[in-house]
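The values are calculated or read from the model by the stated rules, or taken from the named source; none is laboratory data. Just so you know, these numbers come straight off a predicted model, no measurement behind them. Note that we place each Cβ from the backbone using ideal geometry, even for glycine, and neighbour counts take in every protein chain shown.
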Amino acid sequence: MGAKVPRNFRLLEELEKGEKGLGADNPEDLLMSDWNGTILGPPHSVHENRIYSVKMHCGDQYPDKPPTIQFVSQVNLPCVNQKNGMVDPNQLPCLAHWKRENTMETILIELRRYMASGPCKKLPQPPEGSVYSGFALYRALLRQAPLIPLPDDLAVSRGPVHPIKHLIRRSFRRNTSITSPRLIFPALKAGYQILGLLKSATSSSVESPNADHSSIISFLRERLEERNRSIAAKAAHAPYSRTPPKPSTRPRPDAEPLLVNVTPAPTPQNPNPRLVFDIPSRPRPASELGGSGRRRVPHIDLASDTPFLRIKKPQPAYLSHILRNRIKKRVQRLELVQAFHEVEIPAAELEDDWEKMMATMLWKQGRSAQEREIRKGGKRHNDDTHSNMELAEAEAIQGEYQRNETFRNTIYHEGIMYTQEMLNREREEQVARADAMRRLIKEEEKLAKQEKAERAANRRKVWEAKMQELHGEMWRQLFPDLDKTDSSST
């Protein structure tokens, strides 16, 4: 067994190799942890003529463990997180089955091969030049915030949460819906200015602050005073005043789920069992009803085809929160299917037509070149010439169409069919939930009828006891039609 090369020697070896598209991010970093990489889009795919930037971080255990990979350029790949550009190591073979002999160059080559494989080479991509700049700025600000020295009263003003981190998260959360370049550019510009301000403030201290540090401290104190005034104003108002506190959308810790999925496990005879829901916590016994003690039968209602039970008024904020999220998700899926039909499918058909034209042109050029060789030499040569390469490329494109590996089929199967399947599953779940709600309503109505009859019988017993106390045993003679009324009611 040979000796293992230390981490820094291994990284120096990769740095001295000097391959194009790979280099250290910070030359002053003695540990050489951060690296930059460049990937040229593979030909004959949607990535052709594109350049992707990648950041790689080598941990302390590199090369025994793989580095973390993050795309700076936006790319649509199954192994890349679309929110921050991080590569999932479980979906990339060279990272999932990492070997010590692998290098960062191996990772870049594997990513380029992954782009050109199967459906990945025809997936719709974001506009060329798009980057995950917002997330990079967000992480840089969060890393810089804890390095700023703060007085004790400001450091604990938000409890365990750092006050500057809280403001950063709140600002980014407020601007998540912005998509206009007119608004994004000044927001990013202001964010990078704040990043420079935070870096300048880290070199200061509480005892001898510089101008940037003093401005941050004064700003935090103003926000703290404003927050204290707001908390005092909310505490001074009663719940039913003009400014009542907003109802919380969080579920209660002791809340029991209304619907429970009791679908039987799949079997060879029934691999896709029908969804079944049950409501084990209802109907409740009369002793647990509270209030007047009378049972209120709920009724089923719909919110954009989403069934739910109306049990009490006003409607809980948590229920409204769930309904809004479900309706929003369903509308997004429906709009996505519409966009696939109206935009993506026509664009994919144009790409397929272009591929067919290229295949026909390559085939004609290859055949004409071979015919010229036959006329010149007297016989046909089978060498790996340019004409043979053109014919091979044309046959490869024709083979893709024979196997239905077209842009249109990729959009149809991976986009439309998948989204419609999710909508169908959601519809089946809603039908199963509605069935469980209808069963509950029938049980509640049955119990309400029984309890109403019991209350009437109890009132009758009290009344008879009172009549007997007032008029004695002969009280029934005062009401001669009472027996007829009882027989007709029964």
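Things worth noting here:
- Hey, Asn102 under 27 Å from the mean Cα position of the chain (by Cα) and either charged (D, E, K, R) or assigned to a loop (DSSP other than H, G, I, E, B) (or both) or not: no
- Taking the numbered list (1) under 23 Å from Gln61 (Cα atoms); (2) aliphatic (A, V, I, L, M); (3) in contact with a helix residue (DSSP H, G or I) (Cβ under 8 Å, 6 or more places away or on another chain) in turn, Leu137 passes all entries but (1).
- Residue in segment 263-286 that is farther than 30 Å from Glu454 by Cβ and among the hydroxyl-bearing types (Ser, Thr, Tyr) present: yes
- Scanning segment 404-454 for residues that are in contact with an Asp or Glu (Cβ under 6 Å, 6 or more places away or on another chain) and either among the acidic types (Asp, Glu) or at positive phi (or both) yields no hits at all.
- Matching residues, segment 268-288, being under 21 Å from Arg425 (Cα atoms) and surrounded by 10 or more Cβ atoms within 10 Å (Cβ to Cβ): Asn270, Pro273, Arg274, Leu275, Val276, Phe277, Asp278, Ile279
- Residue within segment 454-475 that is charged (D, E, K, R), within 57 Å of the chain's Cα centre (by Cα) and under 26 Å from Pro283 (Cβ atoms) present: yes
- Across segment 203-237, the qualifying residues are those that are of a type in the set (Asp, Glu) and part of a helix (DSSP H, G or I), and the one among them that is surrounded by the most Cβ atoms within 10 Å (Cβ to Cβ) is Asp212.
- Taken together, the residues in segment 297-314 that are within 22 Å of Gln450 (Cβ to Cβ) and free of Cβ contacts under 8 Å to residues at least 24 places away in the same chain amount to 2.
- Scanning segment 166-205 for residues that are β-branched (Val, Ile, Thr) and over 17 Å from Ile148 (Cβ atoms) turns up Thr176, Ile178, Thr179, Ile184.
- Scan of segment 71-101 for residues that are at pLDDT below 85 and of a type in the set (S, T, N, Q), ordered by number: Ser73, Gln74, Asn81, Gln82, Asn84
- For segment 30-48, residues that are outside any loop (DSSP other than H, G, I, E, B) and of a type in the set (D, E, K, R) total 1.
- Hits in segment 292-315 - residues which are out of contact with any His (no Cβ under 9 Å at 6 or more places or on another chain) and within 23 Å of Glu426 (Cα to Cα): His299, Ile300, Asp301, Leu302, Ala303, Ser304, Asp305, Thr306, Pro307, Phe308
- Residue match in segment 182-202 (condition: assigned to a loop (DSSP other than H, G, I, E, B), modelled with pLDDT of 80 or more and not assigned by TED's automatic domain parsing to the domain that holds Asp352): no
- Inter-residue pairs, beta-carbon under 7 Å, first closer than 20 Å to Glu225 by Cα and in segment 160-181, second modelled with pLDDT of 80 or more and small (Gly, Ala, Ser), 6+ apart: His162/Ala145; Pro163/Ser157; Ile164/Ala145; Lys165/Ala145; Ile168/Ala145
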